[in-house]
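Down below is the structure, laid out as structure tokens.
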Amino acid sequence: TQLLEQSPQFLSIQEGENLTVYCNSSSVFSSLQWYRQEPGEGPVLLVTVVTGGEVKKLKRLTFQFGDARKDSSLHITAAQPGDTGLYLCAGVWRNNDMRFGAGTRLTVKP
Amino acid sequence: KAGVTQTPRYLIKTRGQQVTLSCSPISGHRSVSWYQQTPGQGLQFLFEYFSETQRNKGNFPGRFSGRQFSNSRSEMNVSTLELGDSALYLCASSPTRISSYNEQFFGPGTRLTVL
């Protein structure tokens, strides 16, 4: 059973479209991290959100942490083929316990 | 600064055998964590080592074990391999223990296939 539910599991879109990936849990996080993983490589950290309601932007990527710190979203504007990859959310609980979601596999077609 | 390195990158074993995977963290990093990644279950936490001591453990059977050396390098051992152990095993290092503010740096993984 996944403590962190990510949706959708797969997403295939055309270049230029917008998309949102969701990460949800019944537990409260100390923080939540988003990673991106490309084939043959390990995940690479994109952002860490700590405060409820926090919004962070990284170029065309916008990350939001829910007010209750139980959920988060990743929004990509005008997706490009270079955005293709596996997007993972990871929640840290108070006891230094980190758990990952199953991931969203994004394909952006040119 | 060199990244996290894992050896070997690929490994094929048969059921019942045992395997040892190695991870060298980024220089100066003292925490090493291990994860199992499969298409069905995603990325699952195995354990974290810090200062040669296991600090945290995921929900895996006792066949999965690990250790950390004084130079922070870590090994993971899986005994009596099962077909379901086929996965990508990822190692991650960070300067201190997993926390809300630390970034983990992942290696490229070891792809284990059990036949």
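Could you check the stretch A:1-47 and list, in sequence order, the residues that are over 18 Å from A:Gly91 (Cα atoms) and assigned to a loop (DSSP other than H, G, I, E, B)?
Those that are over 18 Å from A:Gly91 (Cα atoms) and assigned to a loop (DSSP other than H, G, I, E, B): A:Glu15, A:Gly16, A:Glu17, A:Asn18, A:Glu38, A:Pro39, A:Gly40, A:Glu41.
Taking strands (runs of 3 or more DSSP E) that fall entirely within the stretch B:48-98, which contain at least 1 residues that are closer than 24 Å to A:Gly40 by Cβ and not aliphatic (A, V, I, L, M)?
Answer list for the stretch B:48-98: B:64-68, B:74-78, B:87-94.
Looking at the structure I just gave you, is A:Ser12 open to solvent by 20 Å² or more (accessible area, probe 1.4 Å) and of a type in the set (S, T, N, Q)?
Against the criterion (open to solvent by 20 Å² or more (accessible area, probe 1.4 Å) and of a type in the set (S, T, N, Q)), A:Ser12 qualifies.
Collect the residues in the stretch B:20-64 that are surrounded by fewer than 17 Cβ atoms within 10 Å (Cβ to Cβ), without any contact (Cβ under 8 Å) to a residue 24 or more places away in the chain and closer than 29 Å to A:Glu5 by Cα, keeping them in residue-number order.
B:Pro39, B:Gly40, B:Gln41, B:Gln54, B:Lys57, B:Asn59, B:Pro61, B:Gly62, B:Arg63
Determine if the stretch A:48-58 includes at least one residue that is part of a strand (DSSP E or B), touching a residue at least 40 places away in the same chain (Cβ under 8 Å) and farther than 30 Å from B:Leu112 by Cβ.
no
Identify all residues within the stretch B:68-81 that are surrounded by fewer than 16 Cβ atoms within 10 Å (Cβ to Cβ) and touching an Asp or Glu at 6+ places or on another chain (Cβ under 8 Å); write none if there are none.
Once the filter is applied, which keeps residues that are surrounded by fewer than 16 Cβ atoms within 10 Å (Cβ to Cβ) and touching an Asp or Glu at 6+ places or on another chain (Cβ under 8 Å), the stretch B:68-81 yields B:Phe69, B:Ser70.
Going through the stretch A:51-99 one residue at a time, which ones are among the β-branched types (Val, Ile, Thr) and over 24 Å from B:Leu46 (Cα atoms)?
A:Thr51, A:Val55, A:Thr62, A:Ile76, A:Thr77, A:Thr84
With respect to A:Thr104, determine if the residue is within 15 Å of the chain's Cα centre (by Cα), at pLDDT 90 or above, more than 14 Å from chain B (Cβ to nearest Cβ) and surrounded by 13 or more Cβ atoms within 10 Å (Cβ to Cβ).
no
Out of the residues in the stretch B:82-110 meeting the condition of being more than 9 Å from every other protein chain (Cβ to nearest Cβ) and open to solvent by 30 Å² or more (accessible area, probe 1.4 Å), tell me which one is nearest to the chain's Cα centre (by Cα).
B:Ser86
Kindly establish whether A:Leu86 is at pLDDT 95 or above and surrounded by 13 or more Cβ atoms within 10 Å (Cβ to Cβ). Break it down into steps so the answer makes sense when it comes.
On the way: at pLDDT 95 or above: yes; surrounded by 13 or more Cβ atoms within 10 Å (Cβ to Cβ): yes.
Taking the combined requirement at face value, the residue satisfies it.
Whether any residue in the stretch A:6-25 is without any contact (Cβ under 8 Å) to a residue 60 or more places away in the chain, within 12 Å of chain B (Cβ to nearest Cβ) and of a type outside the set (Lys, Arg) is what I want to check.
Looking for residues that are without any contact (Cβ under 8 Å) to a residue 60 or more places away in the chain, within 12 Å of chain B (Cβ to nearest Cβ) and of a type outside the set (Lys, Arg), one finds none in the stretch A:6-25, hence no.
Give the residue, chosen from A:Thr62, A:Thr77, that is crowded, with 16+ Cβ neighbours inside 10 Å, more than 11 Å from every other protein chain (Cβ to nearest Cβ) and over 29 Å from B:Ala87 (Cα atoms).
Of the residues listed, the single one that is crowded, with 16+ Cβ neighbours inside 10 Å, more than 11 Å from every other protein chain (Cβ to nearest Cβ) and over 29 Å from B:Ala87 (Cα atoms) is A:Thr62.
Tally up the residues in the stretch B:1-19 that are outside any loop (DSSP other than H, G, I, E, B), within 14 Å of chain A (Cβ to nearest Cβ) and open to solvent by less than 40 Å² (accessible area, probe 1.4 Å), please.
1
Quick check, is A:Gln37 in contact (Cβ under 8 Å) with a residue 12 or more places away in the chain and farther than 23 Å from B:Pro39 by Cβ?
No: the conditions fail for A:Gln37.
The values are calculated or read from the model by the stated rules, or taken from the named source; none is laboratory data. Keep in mind that this is a model prediction, so the values were computed, not measured. Cβ sites come from the backbone with ideal geometry, for glycine too, and all protein chains shown count toward neighbours. Surface areas here come from the heavy atoms of the whole protein model, side chains and all, with no ligands, DNA or RNA. Shrake-Rupley method; radii C 1.70, N 1.55, O 1.52, S 1.80 Å.
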